[in-house]
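See structure below.
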Amino acid sequence: MSDLLSGRRVLVVEDESLILFLMEDILADLGCRDVSGASTVAKAISLIESESFDAATLDMNLGGEDSNLVADALLERGIPFIFCTGNSKSDMREGFGDHAVLYKPFRDADLTAALTQLLS
């Protein structure tokens with residue numbers, strides 16, 4: 001369990017259901033109070049507008065649709081996030097190059113370290 005993640009609310013935006021379930025399990029094991037998942041841009045934006053989150057992970061490609069609108073919504077609400085993707089950093093939209101990227105496949109410890117650094 002990570003003290004920094006304990007009790008946190010995290011949004012996981014991921015279109016691959018197995019990865020989404022895996023990340024939800026990892027975050028629950030780390031003590032996150034609430035982990036919400038979204039597999040589409042529309043669902044992610046709806047959650048961002050209706051709930052509060054301490055942090056988010058964001059896949060760059062959601063079923064063939066880029067996640068730039070989700071990134072914009074997270075920035076607008078002041079929710080820190082990391083990209084979690086199989087894409088390269090060069091695929092990012094201009095202006096997002098300074099955001100942390102967790103490359104798939106990753107280990108539990110990689111996710112823990114990335115979120116801990118994001119929230120510290």
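The values are calculated or read from the model by the stated rules, or taken from the named source; none is laboratory data. Treat the numbers as computed from the prediction; the structure is a model and nothing was measured. Methodologically, a virtual Cβ is constructed for each residue, glycine included, from the backbone with ideal geometry; neighbour enumeration extends over all protein chains shown.
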Given the conditions (1) over 17 Å from Gln117 (Cβ atoms); (2) in contact (Cβ under 8 Å) with a residue 12 or more places away in the chain; (3) more than 14 Å from the chain's Cα centre (by Cα), report the number of the one that Ser6 does not fulfil.
(1)
The lone exception for Gly63 - which of (1) surrounded by fewer than 15 Cβ atoms within 10 Å (Cβ to Cβ); (2) in contact with an Asp or Glu (Cβ under 7 Å, 6 or more places away or on another chain); (3) at pLDDT 90 or above it fails
(3)
Given the criterion surrounded by 20 or more Cβ atoms within 10 Å (Cβ to Cβ), closer than 17 Å to Phe106 by Cα, modelled with pLDDT of 95 or more and of a type in the set (Gly, Ala, Ser), identify the matching residue among Ala38, Ala56.
Ala56
Residues (loosely packed, with under 13 Cβ neighbours inside 10 Å and more than 22 Å from Gly78 (Cα to Cα)) located in the range 4-35
Ser17, Leu18, Asp25
Name the pairs whose Cβ atoms lie under 6 Å apart, with the first residue in the range 27-48 and in contact (Cβ under 8 Å) with a residue 40 or more places away in the chain, the second surrounded by fewer than 18 Cβ atoms within 10 Å (Cβ to Cβ), and 6 or more positions between them or separate chains?
Leu30/Met1; Leu30/Ser2
Filtering the range 84-116 down to residues that are surrounded by 12 or more Cβ atoms within 10 Å (Cβ to Cβ), modelled with pLDDT of 90 or more and assigned to a helix (DSSP H, G or I) yields Asp108, Asp110, Leu111, Thr112, Ala113, Ala114, Leu115, Thr116
